[in-house]
Amino acid sequence: MINNINVIAFDADDTLWVNEPYFRETEEQFCLLLEDFLPGHSTAKELYRTEIANLPLYGYGIKGFMLSMIETILTVTEHKASPEVISKAIELGKAMLNKPIELLEGVEDALKALHGKYKLVVATKGDLLDQERKLEKSGLAHYFHHIEIMSDKREKDYAKLIRHLDCKPEEFVMVGNSLKSDILPVLAIGGHGVHIPYHTTWLHEAVEHTIEHPQFYPLETISEFTVKLNA
């Protein structure tokens, strides 16, 4: 049981709705565009390397991913790619931006059960316009007291959010699928972390070590979280 909680923050992508599979599907299509220049697995590695190098410039999100695809095309083809290849990469990115929102199982029921009992917050990272669009499409916005779209999720970012919410760290719980972004920074500043894994996780978010902490709660579904709160 998690006691004395006032604020519950939820990650958005792959916690409230489907996200990462769209990136992986697009990556597969992107690799096919360049199969005349490089094997797919090598293109994927080059794209990932470019993404990570660009994070300090572009941050997280689809727009940065699109720019990294274009840069990867130029690198892999040694600037010999036709304009059509670059145009197709842009089309892939725009298709991602226009994807419908698919809520994960149990999400809306959980929010209904918690709404009015706790201060509910979205704490997610990524492109501001894209995340605002997804939240609007999701139909979930009315459940939340506050929306925080962060450029990154570090200890100082969560500390700033908690101060803004006029909340003590021990009264704050973060629910998310990423141990690296959603759980570890919150535990480090004295909050609670509820990890609900998703079947697909971006390599950059991987954490290999086991987490042992009295305020860490590994669960399987968001429905389990509401049960744990009410136990």
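The values are calculated or read from the model by the stated rules, or taken from the named source; none is laboratory data. Computed from a prediction, not measured in an experiment: that's the story for all the values here. As a convention, Cβ positions derive from the backbone with ideal geometry for all residues, glycine included, and neighbour counts pool all protein chains shown.
Observations, loosely collected:
- Some residue of region 69-83 being surrounded by 15 or more Cβ atoms within 10 Å (Cβ to Cβ) and of a type in the set (D, E, K, R): yes
- So residue 86, is it under 26 Å from residue 158 (Cβ atoms) and among the aliphatic types (A, V, I, L, M): no
- Selection of region 122-163 for residues being of a type in the set (A, V, I, L, M, F, W, C) and assigned to a helix (DSSP H, G or I) yields 128, 129, 135, 141, 159, 161, 162.
- Subset tally (residues that are under 23 Å from the mean Cα position of the chain (by Cα) and among the small types (Gly, Ala, Ser)) for region 36-50: 1
- Selection status of residue 219, of a type in the set (A, V, I, L, M, F, W, C), surrounded by 14 or more Cβ atoms within 10 Å (Cβ to Cβ), under 25 Å from residue 99 (Cβ atoms) and in contact with a helix residue (DSSP H, G or I) (Cβ under 7 Å, 6 or more places away or on another chain): no
- Subset of region 121-132 that is surrounded by 20 or more Cβ atoms within 10 Å (Cβ to Cβ) and of a type outside the set (S, T, N, Q) - its residue that is nearest to residue 165 (Cα to Cα): 121
- Reported count of residues in region 5-30, each being surrounded by 20 or more Cβ atoms within 10 Å (Cβ to Cβ) and over 14 Å from the mean Cα position of the chain (by Cα), is 4.
- Residue check, residue 107 at pLDDT 95 or above, among the aliphatic types (A, V, I, L, M) and under 22 Å from residue 189 (Cα atoms): no
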